[in-house]
Structures are given as structure tokens and as C-alpha cells.
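Worksheet: one structure, shown below.
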Amino acid sequence: MHKQINCGGKILDLRRPQVMGILNVTPDSFSDGGQFVKPEKALEQARQMVRDGAAIIDVGGESTRPGAKAVSLNQELDRVIPIIEAISNELDTIISIDTSKADVMQEAHKAGAGLINDVRALQEENALQVAYQTGLPVCLMHMQGMPRSMQNNPIYENVCEEVTLFLQDRMEACIKKGMAKSNIILDPGFGFGKTLQHNLTLLAHISELKGLGAPILIGLSRKSLLQTITNKPVKERLSGSIALAVIGALNGGTIFRVHDVDQTLDALKVVNAILEIG
């Protein structure tokens, strides 16, 4: 697996676990919807996450929670471009654009984004072509169904095998287009069209995805499976989120998309100290 990724001129070091801080500039995201809609609030949150040690700030303008409503192109651009520009102008950090729309990818790249994070794995119209043209690295995620209906009744014969085959197919499509394999990150898509059992099975078998030879992004922060396990509301899921991140790191995860950067990074530093010994 490649040890570094060039994200628009900024290097992401993958020799140790890295944290991607979540910055949702949306009114309806499941955990922090509405908190960072105003640019000044979003910028302050980005500053804090960088101070806490985030290697990447992931900016999203369309909620992908179960039941989420679709957002128009102009609305998404209006939400994300000003904050990407503001972060790029002030902070020396990698900015990721969390989108599936080709035009948003293109404009975010111009504004200073260095990574494309797509829950639909570049399957939307022109997304693969535009992502290739930007030259940016991409994160490809697995999702069964669409956000508005993905949790209705997700069914798999073998969740690990099906997720792995899907991500392998999307990775091969990117390589065929001309992208370097070293510019591809894979995300099994925890919570996206998956039951509690599916999510836990995937987490326990992350090593199967590692066989594809790409870094693995894990996004489990505050997700609803923790409510099922711990019976805690969204704002009280820090301990559970850290436990999932630690398990993910021990099983081979590389990048961790989280809300609580400081605490998660401390836990990952401990994991990394153990992994370096042996």
C-alpha cells in the first residue's frame, strides 16, 4: 500500500493513522446539522480541528443521513465553496470535498480542495471524468441504495465479499480512466445501506479490503449503530466512537472520519505506538 498521497500539493502521510475532521455546512446532518451553516462558525470549527490535529477537513454541503433530502447544485455550491476558499486562504491543511456532483468537485478543486470524497464512488454523471481531470486523489465509498431509502431493508448474501467486489470494480474503473492507483482511498460505507450486523462484520474484517492495496477510510463517528449498542443519543457517543476507531485501526484502517478530533487522535496515537512495536 502507498505510504503518501499528494493532495493538491499537500502530502498526506499514511505511515500512521490520520484523522479527517467532519465539517458539515448543512442544516440537517444527523449529528451537527445547522451548527456550522454560517461561514464564520464553519471556519472557527475548521481552525479548532486543525489545532486538535486533523490532517484533513472534510467539507460537505449535502446531508447523506438516512432519509436526507436531495440538495440542488447551486445550493450545494453556495454552501461549500465559500468555506473551502476561507479554509484554503487561512489554514495549511488538506481540504476534502464531500460530494457526488461533478460540478461541485470541479469548483471545489478551484477553491482549494485537495481530495474528493464521494459516497457514490464517482458513479454520478460526469463525476469520474471530472475527478480524473482535477488530478486529485479520490475516496470511493460503498453504499447500498440511496440516502433516502438505504436503511429500509438492506440485504447481503456476504457483506464483506459484496462490498469488496464493488470497491474493486470502482477502483478499476478509476484506473482504467487514467487515475493512479496511489491516488485511491476506499471506504466500506459504514451505516450506508447496512444493518448493525453488517457494520460489525465489516469492521471485524477490514483486512479483506486491505487486500485491494489501497488505504481504508473508516467513518463510524457517532453513528446510529452506537445507539443500538449503547442506547446513547448522538451527543453522548464519544466513548463508543473512540472504541470503534481503535478497533478499526487495529484491523487495518488508515484514515478516520470523525467529529471529535482531539480525543480520537489521542486514542489512535496509543494504537499506533502498539502497532509500531510489532
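All of the numbers you see were taken from the coordinates with simple rules; none came from a lab. Treat the numbers as computed from the prediction; the structure is a model and nothing was measured. Neighbour counts run over all protein chains shown; Cβ positions are idealised from the backbone, glycine included.
On the first, second and third principal axes, largest extent first, how far apart are the outermost C-alpha atoms of the chain in Å?
43, 42, 39
Can you tell me which lysines have their Cα less than 29 Å from the Cα of Lys210? Leave out same-chain residues fewer than eight positions away.
Within the straight-line limit of under 29 Å, Lys210 reaches these lysines: Lys3, Lys10, Lys101, Lys176, Lys177, Lys181, Lys194, Lys223, Lys269.
Net charge around Glu125, counting only other residues with Cβ within less than 13 Å of its Cβ (Lys, Arg = +1; Asp, Glu = -1)?
On the way: positive: Lys101, Arg120; negative: Asp103, Asp118, Glu124.
Its environment carries a net charge of -1.
Check the straight Cα-Cα distances from Lys38 and name the aspartates and glutamates below 13 Å, setting aside those fewer than 8 residues away within the same chain.
Counting by Cα, and skipping residues close in sequence, Lys38 has these aspartates and glutamates nearby: Asp78.
In deg cm²/dmol, rounded to 500, what helix-only [θ] at 222 nm does the chain give when every DSSP H run of at least 4 residues adds -39500 (n - 2.57) and the total is split over its residues?
Working: 10 runs with 120 residues, N = 278.
It comes out at -13500 deg cm²/dmol, rounded to the nearest 500.
Tell me whether segment 13-144 comes out rounded, prolate or oblate; compute the Cα gyration tensor, take square roots of the eigenvalues as a ≥ b ≥ c, and use a/c under 1.5 as the rounded threshold.
The shape class here is rounded.
Over the Cα atoms, compute the radius of gyration (one decimal) and Dmax (the largest Cα-Cα distance, rounded to a whole number) for segment 156-206, in Å.
For segment 156-206, the Cα radius of gyration and maximum Cα-Cα distance read 12.3, 36 Å.
Among Gly21, Gly189, Gly178, whose mean-square fluctuation peaks in a Gaussian network model of the chain (Cα, cutoff 10 Å)?
Top of the fluctuation ranking is Gly178.
Counting DSSP beta bridges with both partners in segment 4-277, what percentage is antiparallel, nearest 5? Provide the component values of the computation, followed by the final result.
Details: 4 of 31 bridges.
DSSP beta bridges in segment 4-277 are roughly 15 percent antiparallel.
Quick one: among Ser88, Ser72, Ser63, which has the greatest mean-square fluctuation in a GNM of the chain with alpha-carbon springs under 10 angstrom?
For the chain, modelled as a Gaussian network with Cα springs under 10 Å, the answer is Ser72.
Assuming 0.36 nm per residue, please report the length gained on full extension of the stretch Ile175 to Asp262 beyond their Cα-Cα distance. Show your work: numbers first, answer last.
Values: separation 87, 0.36 × 87 = 31.32 nm, distance 3.50 nm.
Length gained, Ile175 through Asp262: 27.8 nm.
Where in segment 164-192 does the label zone of Gln129 land, with the point 7 angstrom along Cα→C-beta and an amide N cut-off under 16 Å?
The answer is 174, 177-179, whose backbone nitrogens lie closer than 16 Å to the label point.
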